[in-house]
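Worksheet: one structure, shown below.
The values are calculated or read from the model by the stated rules, or taken from the named source; none is laboratory data. Everything numeric here is computed off the predicted structure, so don't read it as measured data. Every residue, glycine as well, gets a Cβ built from its backbone with ideal geometry; the counts of neighbours run over all protein chains shown.
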Amino acid sequence: MDRLTLISLSLFAAACGVALLTLPLLRDWRQRRLAARTIDAALARQRAADAAQGAPANAAQPNAGAAAAQPGARGAALPVQPGRPGAAAIGVQLGAQLGAHVGERIDAHWLESRLGRAVVTPEDQQLLEQCGWYGLNARMLFGVLRLALPLALSLAAMLWHVGAGAAVMLAWGFGVFAVGYLAPKTLLRRHATSRLRLVDDELPVLIDMLRLLQGVGLSIDQSLQVIVAEFGSMLRVLGPELARANQQFASGRSREQTLLRIGRLFDNEDLKGLIMLLTQVDRHGGAVQEPLRQFGLRLQEARKARLKDQIGRLTVKMTAVMVVSLLPVLLIITAGPGFLGVIRMIKNMGAMQ
């Protein structure tokens, strides 16, 4: 297999990948164009019907022509004209909404296909939600990135090593494709892990805020609304999640469902305990300030224990660093004069002989 054949096969594989990625976009564009044509035809029929209904009314007025010739009649006829741009604007808005709906249907169909389920797995969807990226657009963007990036990088690597032989080209292409396919999920998992660590740091602050707001007489719903509105910037992870929970609660879901979603999403035992406490108080009522205080104290003790554990591990790691870096210096300082004295003595004995 010569070099030209390998280049042709590589370009053909790249063209197939690009066609596979652009097929949903072409279908979306075709559906939007058909929707726009349908809406334009419906608006044209409506205008024709309005004109047909207005023609007998104008014929019933004998002095309509004379009145239309006067400037006052022209001014009175002008307000009828702005109705057309309003209808056109409504048609454009309906077309945009219909196109967005069709695009969502296409995205959902692609994600539910065999290729979409293989690229964007349920684990990837959970990682996206842990990172704060919800909806079909986030999953679609992640899937396209996970397909386009490895193909582009592998093609570039194969073209870069054209003169090295077929085996080397295939090895570089496969290796770069594997790295490019696994890199987005690795970065996504690292970002989700960092957000999970932020949840551990933000949970004591959230408990203190809830305890203070409960102390001034606010309910659970009012406390969560105040926390999202006034202190949402302090809670980088829990703030947006609580805002989303408030939106779901306003749309008709129960407070228990909206809070349990957050507990299942982050899979944090302390957060689950707090959510269980809030749901029980919301369902049965009662004073929650003292349980929140005790819960906050328990979290602080657990945090102190984790910090002590981290300090102990850091001490062990620093011991190895000190042995590697300071021990040679200590040996030179302490044993250096003795070695120099022995060397001088041996040198003098050799000179005397």
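Table for the structure above
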read-out: Residues satisfying the stated conditions in the range 174-210, i.e. in contact with a Ser or Thr (Cβ under 8 Å, 6 or more places away or on another chain), more than 18 Å from GLY296 (Cβ to Cβ) and buried (at least 16 other Cβ atoms within 10 Å of the Cβ); value: VAL176, PHE177, GLY180
read-out: Residue within the range 180-202 that is over 26 Å from ASP124 (Cα atoms) and either at pLDDT 85 or above or among the charged types (D, E, K, R) (or both) present; value: no
read-out: Filter result for ALA229 (within 15 Å of LEU271 (Cβ to Cβ), within 27 Å of the chain's Cα centre (by Cα), in a helix (DSSP H, G or I) and outside the structural domain of GLN126 (by TED's automatic domain parsing)); value: no
read-out: Residue that is under 23 Å from LEU210 (Cβ atoms) and either in contact (Cβ under 8 Å) with a residue 24 or more places away in the chain or of a type outside the set (Ser, Thr, Tyr) (or both), where the choices are ARG344, ARG313, ARG293; value: ARG293
read-out: Count of residues meeting criterion [crowded, with 18+ Cβ neighbours inside 10 Å and either among the small types (Gly, Ala, Ser) or closer than 26 Å to CYS131 by Cα (or both)] in the range 154-173; value: 3
read-out: Odd one out for SER251 among (1) surrounded by fewer than 18 Cβ atoms within 10 Å (Cβ to Cβ); (2) under 17 Å from VAL281 (Cα atoms); (3) polar (S, T, N, Q); value: (2)
read-out: Pair list, Cβ < 7 Å and 6+ apart or interchain, from the range 166-189 residues that are within 15 Å of ALA148 (Cβ to Cβ) to residues that are part of a helix (DSSP H, G or I) and basic (Lys, Arg); value: TYR181/ARG146; PRO184/ARG146
read-out: Residue within the range 310-325 that is under 33 Å from the mean Cα position of the chain (by Cα) and at pLDDT 85 or above present; value: yes
